[in-house]
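Note sheet for the following structure.
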């Protein structure tokens, strides 16, 4: 299992993009943020360069969450697929709590 970081949105999208775009509803936030960074530049959300990362595996999820909190993150958020009991079980076992469900509704005119 490998945790990979980059400041480059295009590198992130080359690695994680196919997974994100395969299920756009579940990854709306990540897709929106990365598209905004691509269009507006790396400093759209602040002065610091964005840190984008991707991983696979429960141990990496737990360790990266612990590290983010240890570095002073106020909170660590995960957006998950509620229909996937495996990943949701991992997140519950590593200390995450369900906070909200999100739904995207579209009205055709």
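Only one entry in 15, 42 is surrounded by 12 or more Cβ atoms within 10 Å (Cβ to Cβ), modelled with pLDDT of 80 or more and in a helix (DSSP H, G or I), namely 15. Against the numbered list (1) exposed (fewer than 11 other Cβ atoms within 10 Å of the Cβ); (2) under 20 Å from residue 91 (Cβ atoms); (3) without any contact (Cβ under 8 Å) to a residue 24 or more places away in the chain, residue 25 comes up short only at (3). I need the full set of residues from the range 67-83 which are within 23 Å of residue 15 (Cβ to Cβ) and surrounded by 12 or more Cβ atoms within 10 Å (Cβ to Cβ), in order please. Of everything in the range 67-83, those that are within 23 Å of residue 15 (Cβ to Cβ) and surrounded by 12 or more Cβ atoms within 10 Å (Cβ to Cβ) turn out to be 67, 68, 76, 78, 80, 81. Here 107, 93 are screened, and the one residue that is over 19 Å from residue 16 (Cβ atoms) and either in contact (Cβ under 8 Å) with a residue 12 or more places away in the chain or touching a helix residue (DSSP H, G or I) at 6+ places or on another chain (Cβ under 9 Å) (or both) is 93.
Filter the range 45-74 down to residues that are part of a loop (DSSP other than H, G, I, E, B), touching a residue at least 24 places away in the same chain (Cβ under 8 Å) and within 13 Å of residue 7 (Cα to Cα), then give me how many there are.
Initial filter on the range 45-74 (part of a loop (DSSP other than H, G, I, E, B)): 45-51, 55-57, 71-74.
When the remaining residues are screened for being touching a residue at least 24 places away in the same chain (Cβ under 8 Å), the result is 49-51, 55-57.
Filter again for within 13 Å of residue 7 (Cα to Cα), leaving 49-51.
Selection size over the range 45-74: 3.
The values are calculated or read from the model by the stated rules, or taken from the named source; none is laboratory data. As the structure is a prediction and not an experimental result, all values here were calculated from the model. So basically every Cβ, Gly included, is an ideal-geometry build from the backbone, and we count neighbours across all protein chains shown.
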